[in-house]
Each structure stands twice: as C-alpha cells, then as structure tokens.
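Okay, structure first, notes after.
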Amino acid sequence: MFLSLTLIAAVAAALLAFVYETTKPVIEASDLATLQAGIDKVLPEYDNTPYDEKVEIDGYQLYPARKGNDLTGVAVESYTNNGFSGLVRVLVGIDMEGKVVDYTVLEQAETPGLGSKMEEWFRTEGTSRSVLGINLTEPARVTKDGGQVDAISAATISSRAFLETLNSAYAVMQKAITDGQIK
C-alpha cells in the first residue's frame, strides 16, 4: 500500500511539474503583453519604448515615456497592502505636470461588486469620482477625508487604497526624477 501511494504521488508530482514548465513561458508572455498594453494605455504620446527603459525604485517599476528627447510622462506600477482584502496593484500614467493620464488595475482581491469596481469607478469623467486629469501635486483623498474624490459606495477602504497607489506612484516618480534616475 505504501509503495502504491508513493508511486501515485511521484507520477502526479511529475505531471504537475511538466505542466508547470510547459505553461510557464506562455503565462510569462501573456503577462508581458498585458503589461505592455497597459503601458500604452496609461501614458501620454511617446516615441520611445518605455518598457526597455524601465527603472526600479523601492519595489516600484517606472516606465518613462519620451517624445524625442523630452520626457512626457511616466507609467508607474504602484501597490499598497492597505486594501480591504490586502494587495492592490495599479499601473498609473502621470504626465510631467503631475496629472493622471490614465490607469489600469493590475491586481486586486477586493469584495466583488464593491471594491472591485475601482477599474471603472474612478474613470467616470465629468464627475467627482474621476481621477483622470487630477493633479497629484496635492495628495488625492476621498471626500470623507476632506479630499476631492468620491469613494466607491460601501467601499471606502478600497477607495483609500486605490488613491494611495496613485499618491505613492507620484512620489516615486518625483524621487526618480529628482535623483536623476529618470531624465
């Protein structure tokens, strides 16, 4: 009986390892394509390859956009662990005036139907929900905290976490520019 169970476990482990190794490159290629599409979506117009100029600072990935020799904006992979259900990762594009060009939520585990609405909630243009075009030189906050952005109904913690990712993205972008890591 012990030998049979050991053999079954070994075969299952070998099959699992084979499937993992076979699918790993496909998954990595898909993740890269998703990231590059996100970079294209969130940045202002550019003619360089931001992914190839990636800079890493304190766990944040920054992708500078250039038009000719001029820096037009930076896409920042930002994150916080302060979401209602933990990790929230956002790719946000910020222009050189500190304004949010666009964003895409890369990862979140917020409550379905509530906090998970952040992908669309904060892009409703012409409302106080929208963060598109908001200037991050002053930290973005929800109205409940005296800020200018309406939180998702019944999901204030998720909304605060989302805005925290934008604020930290801007801070990291400014640090990279000030330190000369992005020129």
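The values are calculated or read from the model by the stated rules, or taken from the named source; none is laboratory data. Just so it is clear, the structure is predicted and the values come from calculations on it, not from any experiment. Don't worry about glycine lacking a Cβ; one is built from the backbone with ideal geometry, like all the others, and counts go over all protein chains shown. Just the protein is used for accessible areas: all its heavy atoms, side chains included, with ligands, DNA and RNA removed. Shrake-Rupley method; radii C 1.70, N 1.55, O 1.52, S 1.80 Å.
Summary of values
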read-out: Calculated P(r) tail over 23 Å for segment 87-174, as whole % of Cα pairs; value: 12 percent
read-out: Apportionment of accessible area to carbon and sulfur, segment 58-183, percent (1.4 Å); value: 48 percent
read-out: Phi-based couplings in Hz for segment 72-77 (Karplus 6.51, -1.76, 1.60; Gly and Pro marked x); value: 9, x, 9, 9, 10, 7
read-out: Nearest-10 value in Å² for the accessible area of Thr72, using the 1.4 Å probe; value: 30 Å²
read-out: Over the chain - Rg/Rh using Cα atoms and the Kirkwood inverse-distance radius; value: 1.12
read-out: Lys, Arg +1 and Asp, Glu -1 on Cβ, resulting dipole of the chain about Cα centre, debye, nearest 20; value: 360 debye
read-out: Set Lys54/Lys117; Lys54/Lys99; Lys24/Lys175; Lys24/Lys67; Lys41/Lys183 screened for pairs whose C-alpha atoms are more than 31 Å apart; value: Lys24/Lys175; Lys24/Lys67
read-out: Long-range HN-HN contacts of Lys99 with modeled amide H, under 5 Å; value: Leu136
read-out: Long-range amide H partners of Thr72 with built H, under 5 Å; value: Ala65, Arg66, Lys67
read-out: Average Cα contact separation per residue, segment 36-183, under 8 Å, 6 or more apart, as relative contact order %; value: 20 percent
read-out: Calculated Rg and Dmax of segment 123-181 using C-alpha coordinates, Å; value: 12.6, 42
read-out: FRET efficiency, 1/(1 + (r/R0)^6) with R0 30 Å, evaluated for Val19 and Asn82 via beta carbons; value: 0.30
read-out: Residue-by-residue Karplus 3J(HN,Hα) for segment 141-146, coefficients 6.51, -1.76, 1.60, Hz, glycine and proline x; value: 9, 6, 4, 4, 9, x
read-out: For Glu45, solvent-accessible area (1.4 Å; no DNA, RNA or ligand), Å²; value: 130 Å²
read-out: Amide H contacts under 5 Å for Ile57, placed H, 5+ residues apart; value: Leu62
read-out: Percent of beta bridges antiparallel (DSSP, the chain, rounded to nearest 5); value: 95 percent
read-out: List Thr178, Thr22, ordered by accessible area with a 1.4 Å probe, largest first; value: Thr178, Thr22
